[in-house]
Amino acid sequence: MPTLANNEYWMSQALQLARKGLYSTAPNPRVGCVIVKDNTLLAEGWHEYAGGPHAEINAINNADIELGCDIYITLEPCSHQGKTPPCVDALLKMKPTKVIIAMQDPNPLVAGEGIARLKQAGIAVITGVLEAQARELNCGFVSRFENNRPFIRLKMAGSLDGRTALNNGISQWITGEAARRDVQFLRARSGAILTSAATILADSPSLNVRLSSEELGQQGEVRQPVRVVLDSQLQLSGKEKLFNTDGAVWIYTLITDKDKHRRLVAAGADITVLDDLDGHVNLHQLFKHLASREINEAHTECGQTLAGTLMREKLVDELVLYLAPQFLGNQARGLFNLGELIDMDAAPKCKIKQLRNVGEDIRITLIPEWR
């Protein structure tokens, strides 16, 4: 009989497999599966890319399976017909002794149905093994279904005195090459990269992933996130660099005049008009719309205005801050425009999740107090 220690060991193996799909499965979750008998590994598999076989099917196909095995899965097996058949059907044919599941699927099309079908067939089911780790691995997938918005990761880079650019706008480069490369991995795991028209006009970024499949540890083409631009007044011309690099561009605006959309549509942009909220697009409506378009994780690279608004609206789930060992002084531009705070209790607070060096810079991963 599997012990708690054994269950956690084998589930940790399944989670390691699931992480292999970190950059390739969106909008699907990252899932791993191991099949064990008498505490010996028989087969393993993971979900490699969206539209491909799920983890359970890859594990089943990877070896001859014996009856009476135990199956460890990081997410409840699907019970509905999508791009692939229901995984629970394949599991039922195997007649395992036990199925150990890290977490229930938050997708309402599954949401306990896969577990129920296994139990109805007389198969013992154990849930909640390393659930916290499984939820963190699929933080965006979970957020999309539980919160009706993507998981929002805000990336900022600055000096030790919290400055992002000189007063004249010069900001390249505050952080070193190692930190800039590290950001590429954050982009690669995201379904969308969010920025503002002001940032595009000031810095002319491409906002694409410039890592190879080999660097990402995967086979197949590198998936490019959607570039999402907040351009309330349609300031972009359509000639900016991001229009000439691979990946879709979605523009969210307040301008309803279709004639003013044409130059950007001709450049390849998809344009959505959102509600006017004090002269700006409604961010809550934006993120709800992104969730409807199956964006799990949104990686944000922007200036102090949008960064401050995201913090004030409590829309940031994780903040990744790169600090360079230099000082830019009081006249330089700050990290967040939070408006004037007159009470220390009003200052946003965070918990430090991780602190480490990246090259000569410091990377601090922070979880806001409202999470």
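Observations on the model:
- Taken together, the criteria exclude Thr199 from residues that are hydroxyl-bearing (Ser, Thr, Tyr) and free of Cβ contacts under 8 Å to residues at least 60 places away in the same chain.
- The set of residues in region 141-179 being surrounded by 23 or more Cβ atoms within 10 Å (Cβ to Cβ) and closer than 20 Å to Ser12 by Cα consists of Phe141 alone.
- All of Phe185, Phe151 fail the test of being under 19 Å from the mean Cα position of the chain (by Cα), aromatic (Phe, Trp, Tyr) and closer than 30 Å to Ala111 by Cα, apart from Phe151.
- Hey, Arg153 touching a residue at least 40 places away in the same chain (Cβ under 8 Å), touching a His at 6+ places or on another chain (Cβ under 6 Å) and not assigned by TED's automatic domain parsing to the domain that holds Met11 or not: yes
- Hits in region 18-44 (condition: closer than 19 Å to Leu216 by Cβ and not aliphatic (A, V, I, L, M)): Arg19, Lys20, Gly21, Tyr23, Ser24, Thr25, Pro27, Asn28, Pro29, Arg30, Gly32
- Scope region 47-73; condition aromatic (Phe, Trp, Tyr) and at pLDDT 95 or above; matching residues: Tyr72
- Subset of region 269-297 [of a type outside the set (Gly, Ala, Ser), assigned to a helix (DSSP H, G or I) and either touching a residue at least 12 places away in the same chain (Cβ under 8 Å) or within 25 Å of Leu22 (Cβ to Cβ) (or both)]: Leu283, His284, Leu286, Phe287, Lys288, His289, Leu290
- Residue selected from region 263-295 under the condition farther than 17 Å from Ala192 by Cβ and in contact with a Gly (Cβ under 9 Å, 6 or more places away or on another chain), by the criterion surrounded by the fewest Cβ atoms within 10 Å (Cβ to Cβ): Ala266
- Region 182-211, residues that are touching a helix residue (DSSP H, G or I) at 6+ places or on another chain (Cβ under 7 Å) and of a type in the set (Lys, Arg): Arg210
- Qualifying residue in region 86-104 (condition: surrounded by fewer than 18 Cβ atoms within 10 Å (Cβ to Cβ), in contact with a Gly (Cβ under 9 Å, 6 or more places away or on another chain) and over 19 Å from Asn138 (Cα atoms)): yes
- For the residues Thr195, Thr245, the requirement of being surrounded by fewer than 19 Cβ atoms within 10 Å (Cβ to Cβ) and under 23 Å from the mean Cα position of the chain (by Cα) singles out Thr245.
- From Val222, Val229, Val265, residue being under 30 Å from His47 (Cα atoms) and either of a type in the set (Val, Ile, Thr) or not assigned by TED's automatic domain parsing to the domain that holds Lys314 (or both): Val222
- So Ala332, is it of a type outside the set (D, E, K, R) and surrounded by 15 or more Cβ atoms within 10 Å (Cβ to Cβ): yes
- Positions within region 326-362 being closer than 22 Å to Phe185 by Cβ and either more than 18 Å from the chain's Cα centre (by Cα) or acidic (Asp, Glu) (or both), in sequence order: Leu335, Cys350, Ile352, Leu355, Arg356, Asn357, Val358, Gly359, Glu360, Asp361, Ile362
- Unique residue being surrounded by fewer than 20 Cβ atoms within 10 Å (Cβ to Cβ), within 30 Å of Met311 (Cβ to Cβ) and assigned by TED's automatic domain parsing to the domain that holds Ala102 when the list is Gln120, Gln133: Gln133
- Entirely in region 117-178, the strands (runs of 3 or more DSSP E) that have 1 or more residues that are farther than 21 Å from Glu301 by Cβ: 124-127
- Considering region 320-343, the residues that are touching a helix residue (DSSP H, G or I) at 6+ places or on another chain (Cβ under 8 Å) and part of a strand (DSSP E or B) include one that is farthest from Ile362 (Cα to Cα), namely Arg333.
The values are calculated or read from the model by the stated rules, or taken from the named source; none is laboratory data. None of the values given here were measured: they were computed from a predicted structure. All Cβ positions, glycine included, derive from the backbone under ideal geometry; neighbour counts span all protein chains shown.
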